[in-house]
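Each remark here refers to the structure printed beneath this line.
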Amino acid sequence: MSATTTTSQTPVWLITGASSGFGLAVAKEALSRSHTVIATSRSTSSEGMLTLSSLGAITLPLDVTASEEVLSGIIAEAASLVPEGKITHVVNCAGYILEGAVEETTQEEVRKFFETNVLGSVNIARAVVGKLRETKGVLVQIGSLASWMGGGGFALYCSTKWAVSGLTEGLADELKPFGIRVCCVEPGYTRTPFLAEGGGHRVKAERVMERYDVLGFREGLNAYDGQQPGDVDRCAVAMVDVLTGTGMAEGKEIPVRLLLGSDCLKVVRDKCESTLKLVDEWEAVTKFADGQK
């Protein structure tokens, strides 16, 4: 595989989970702007990865749960394929949803889930920070509207996304002294294959307990698949604009958290209002805990 042609001003993107969904859309948008894209996924033979290759992306296999040594080797290989080894933008899109109430899931299912969604985010951050220090680059993790709320049947998914958003806020502080910008993109419900049965991103707990049918989350996912209000291609345009300070984001700093999709607005505002109401209601007890009145 030969190195791609680029200049010192050309953004160089390393994208995980690029075979579909947000990863694929962002890769396509960056390529449409003549940026350099290193697209990675567990397999490079999927339709999405073959499409990106045909559009000019460098494609490499990468599993975010791999060992430090393996990930370091892949990042080094990726850097060797671009002039001066410079990577300016890393977007970690790898992840999936584990469908099931907490009681329905097994320890092994939960372990694998958190290994990809949470520890995978940590692994990628650790593996790429050295390269981003060299370019004063941008690190992006994918959170969710679920970073702001919990829900029956989705407690585990929401908890992984809360963790990713919290991780990103901490990383933003840690990496700011080195000129690295860090952003957690938090999309609302967006039309991608994420909720499709059999699509690989929606994994069902093997154990199903009828007592949780009352929550209706299984039917809800089926009904919402393909009906999500968000447009992934428009999200990709917004992301590339924001992360490069161009277009609608020209002159603005990269935010630590970026909501995408109008369905996020009510949820986040309601969450903030309900949290403040809770704080006010229990203020006396809160102060009692350390002797204040």
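Read-outs: derived from the displayed coordinates by stated rules, not from any lab. In this text, all values refer to a predicted model and were calculated from it rather than measured experimentally. Cβ atoms come from the backbone with ideal geometry, glycine included; neighbour counts cover every protein chain shown.
Quick notes
- Protection proxy ranking, highest mean first, for peptides 103-109, 246-252, 158-164: 158-164, 103-109, 246-252, where packing is the per-residue count of other beta-carbon atoms within 10 Å, averaged.
- Of the DSSP H helices in the chain, those whose Cα atoms cover at least 27 Å axially and whose Kyte score averages -0.5 or more: 155-175, 263-281
- Kirkwood analysis of the Cα pair distances in region 213-293 returns a hydrodynamic radius of 16.8 Å.
- Ratio of the Cα radius of gyration of region 11-110 to 2.2 N^0.38 Å, where N counts its residues: 1.18
- Förster radius 22 Å - calculated FRET efficiency between Arg33 and Glu134 (Cβ-Cβ, nearest 0.05): 0.50
- Low-density loop cleavage sites - trypsin sites (Lys or Arg not before Pro) in region 85-154, where at most 15 other Cβ are within 10 Å (DSSP): Lys136
- Where labels lie 7 Å past Cα in the beta-carbon direction, separation of Arg111 and Lys266 in nm: 4.2
- Relative contact order of the chain, taken over Cα pairs closer than 8 Å and 6 or more residues apart, is 17 percent.
- 11 Å beta-carbon shell around Glu29, net charge (K/R +1, D/E -1): +1
- For region 146-228, a/c is not less than 1.5, where a ≥ b ≥ c are the root eigenvalues of the C-alpha gyration tensor, and a/b tops b/c. That puts it in the prolate class.
- Extension gain (nm, one decimal) between Glu283 and Glu169, 0.36 nm per residue minus Cα-Cα: 38.4 nm
- Put in order of Cβ neighbour count within 10 Å, fewest first, the listed residues Arg234, Arg257 become Arg234, Arg257.
- Size of charge dipole - region 91-158 - debye, nearest 20, with Cβ of Lys, Arg +1 and Asp, Glu -1, no other charges: 580
- Convex hull volume of the Cα atoms of region 12-261, normalised per residue: 118 Å³.
- Within the straight-line cut-off of under 13 Å between alpha carbons, the aspartates and glutamates reachable from Lys86 are Glu77, Glu134, sequence neighbours fewer than 8 places apart in one chain being disregarded.
- In a simple Cβ point-charge model (Lys, Arg +1; Asp, Glu -1; nothing else charged), the chain has a dipole of about 620 debye relative to its Cα centre.
- For region 181-238, dividing the convex hull volume of the Cα atoms by the residue count gives 125 Å³ per residue.
- The local environment of Met209, defined by Cβ-Cβ distances under 15 Å, has a net charge of -3 under the rule Lys, Arg +1 and Asp, Glu -1.
- Of the cross-linked pairs Lys28/Lys204; Lys266/Lys293; Lys28/Lys176; Lys252/Lys287; Lys136/Lys266; Lys204/Lys277, those separated by over 32 Å at the C-alpha level are Lys266/Lys293; Lys252/Lys287; Lys136/Lys266; Lys204/Lys277.
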